[in-house]
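These notes are about the structure you will find just below.
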Amino acid sequence: MRELAASTISDHVAEMCQEANIYLGEDVFKALRKSLETEESPTGKEVLKQLIENAEIARNEQTPICQDTGFAIFFVEWGHEVHLTGGTLEEAINAGVRRGYEEGYLRKSVVTDPLYDRKNTGDNTPAVIYTDLVPGDRVKISFAPKGGGSENMSTVKMLKPSDGEAGVIDFVVNHVKAAGPNPCPPIVVGVGIGGTFDKVAVQAKKALFRPVGEPNPDSRFAELEKTILGKINDLGVGPQGFGGRTFALAVHIETYPSHIASMAAAVNINCHAARHLERII
Amino acid sequence: MEPKRIQAPLTDEDVMSLKAGDNVLINGVIFTARDAAHKKLVELMDQGEPLPIDLTGQFIYYVGPTPAKPGQAIGSAGPTTSGRMDAYTPRMLEHGMKACIGKGLRSQVVKDALQKHKGVYLAAVGGAGALLSKKIKKSEVVAYPELGAEAIHRLEVEDFPATVINDAYGNDLYAEGAKAYAR
């Protein structure tokens, strides 16, 4: 049994909170540069240039890419052979978030109860944490600070199995069209298909953790990702919704087995600041 | 097209010279307000009480910045989603506000109020918070400090870039822009 101190988890989490919010990933940089070559609208090109410049300023001056430094979302794969000492995983992660958001001058964007008090918790906790037990003696922590503007433009729908591929395409494209400029395009579209009402939303979220533009390993779903991306960009919404050919940088689909009666589908949208980071401890 | 330099606050004439799709560089003093500050301002209007800031001719920027690091005027400071302010915007325009800056779609009620009161809605590039913070030279809280990032701040801006979305003539860049590039 490998022993791992809770404080080690907290140290990694605190660093990850700052790193993800300041350094835009190379996958997103690459996608933005590529879209600059294909964008036809002069205003759209100008927006893409500003976004690249913005990410460079953030990196050089160690300042957050966006003022919405997000709700802290974690997917943890915990190896069976690892024994956590000195606290629970939840406490360890929240301690890291607390420290990372304070030391990194990141905005605290979490309120206590959602309906009545809406009082800021002051330290961006609690985080949203999903944990899977896996074989081995390693711990993989994936982190994404998720902005509210794009999260608000997300949805779940219980499709019928008979809706088929066309039903999925219509659902995603129509939803993204209605979101329009609100989620800060160019967006990354996370799509979940299958599972239950709750599981499909988690799959859509998980899809946003994949490096931008990396296709689904199943060639049928990879093809569907391409088809949906083409239809979304054909809407003409463009960067920031000012009109153009780059409404989305990528569509990522994650699936799960489904009940015989169901075909759940979910869309979780990320803005162009598609921040995500992983570490193996 | 070269961006137009404009000076805050705005006159009716300034507003009428702006068209959907214009890129502008804003100079002068602007104020910030998000959901919570709007709610408080409109409550005061309902009670007929004086407002903590004079809205005549002013720009309101929908932003909740990150905390400033030592040596910074302000932290990362990009626009937030404007639609959340739709319920309050007609009242703000009645009280003299001339321009608001945010990102995303506005309701028909807001678009009509912009025409009626001669106002304009602009978008700054959402998610370009680090770049936009460089255009803000000074920031101070002028009302509701208890709201933290949501307090009303007075900002001094230099060449702050924005794009006109809804003008006082009823034009809408979001609708027209997408039409031009749809296939």
Got a number for residues in region B:132-166 being within 11 Å of chain A (Cβ to nearest Cβ), among the aliphatic types (A, V, I, L, M) and farther than 19 Å from B:Lys4 by Cα?
-> 2
Can you name the residue in region A:143-184 that is among the β-branched types (Val, Ile, Thr) and assigned to a helix (DSSP H, G or I) and is also farthest from the other protein chains (Cβ to nearest Cβ) among such residues?
-> A:Val168
Per the filter on region A:11-21, residues surrounded by fewer than 23 Cβ atoms within 10 Å (Cβ to Cβ) and either within 14 Å of another protein chain (Cβ to nearest Cβ) or without any contact (Cβ under 8 Å) to a residue 40 or more places away in the chain (or both) are A:Gln18
Given the structure, is A:Tyr101 more than 30 Å from A:Gly244 (Cβ to Cβ), within 14 Å of another protein chain (Cβ to nearest Cβ) and assigned to a helix (DSSP H, G or I)?
-> yes
Selection within region B:114-131 - more than 15 Å from the chain's Cα centre (by Cα), more than 14 Å from chain A (Cβ to nearest Cβ) and not basic (Lys, Arg) = B:Gln115, B:His117
Can you name the residue in region B:95-109 that is within 14 Å of chain A (Cβ to nearest Cβ) and either in contact with a strand residue (DSSP E or B) (Cβ under 8 Å, 6 or more places away or on another chain) or aliphatic (A, V, I, L, M) (or both) and, of all such residues, is surrounded by the most Cβ atoms within 10 Å (Cβ to Cβ)?
-> B:Lys103
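Residues checked against (1) within 30 Å of B:Glu176 (Cα to Cα); (2) modelled with pLDDT under 95; (3) not aliphatic (A, V, I, L, M):
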site	(1), (2), (3)
A:Gly190	yes, no, yes
A:Arg245	yes, no, yes
A:Val251	yes, no, no
A:Ala265	no, no, no
Evaluate the following for A:Arg99: is it in contact (Cβ under 8 Å) with a residue 40 or more places away in the chain and crowded, with 18+ Cβ neighbours inside 10 Å?
-> yes
Those residues of region B:59-79 which are under 18 Å from B:Ile165 (Cβ atoms) and either more than 12 Å from chain A (Cβ to nearest Cβ) or modelled with pLDDT under 95 (or both), in sequence order | B:Phe59, B:Ile60
Please specify each residue of region B:35-81 satisfying the condition of being buried (at least 22 other Cβ atoms within 10 Å of the Cβ), under 25 Å from A:Ala55 (Cα atoms) and not β-branched (Val, Ile, Thr).
-> B:Tyr61, B:Tyr62, B:Gly64, B:Pro65, B:Gly75, B:Ser76, B:Ala77, B:Gly78, B:Pro79
Of (1) away from chain B (no Cβ under 14 Å); (2) buried (at least 20 other Cβ atoms within 10 Å of the Cβ), A:Pro215 fails just (2)
Would region A:222-241 turn up any residue that is free of Cβ contacts under 8 Å to residues at least 40 places away in the same chain, surrounded by fewer than 24 Cβ atoms within 10 Å (Cβ to Cβ), assigned to a loop (DSSP other than H, G, I, E, B) and not basic (Lys, Arg)?
-> yes
Of a type in the set (Phe, Trp, Tyr) and in contact with a Pro (Cβ under 7 Å, 6 or more places away or on another chain) - does that describe any residue in region A:127-142?
-> no
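The values are calculated or read from the model by the stated rules, or taken from the named source; none is laboratory data. These numbers come from a predicted model, not from an experiment. Please note: Cβ atoms are built from the backbone with ideal geometry, for glycine as well, and neighbour counts cover all protein chains shown.
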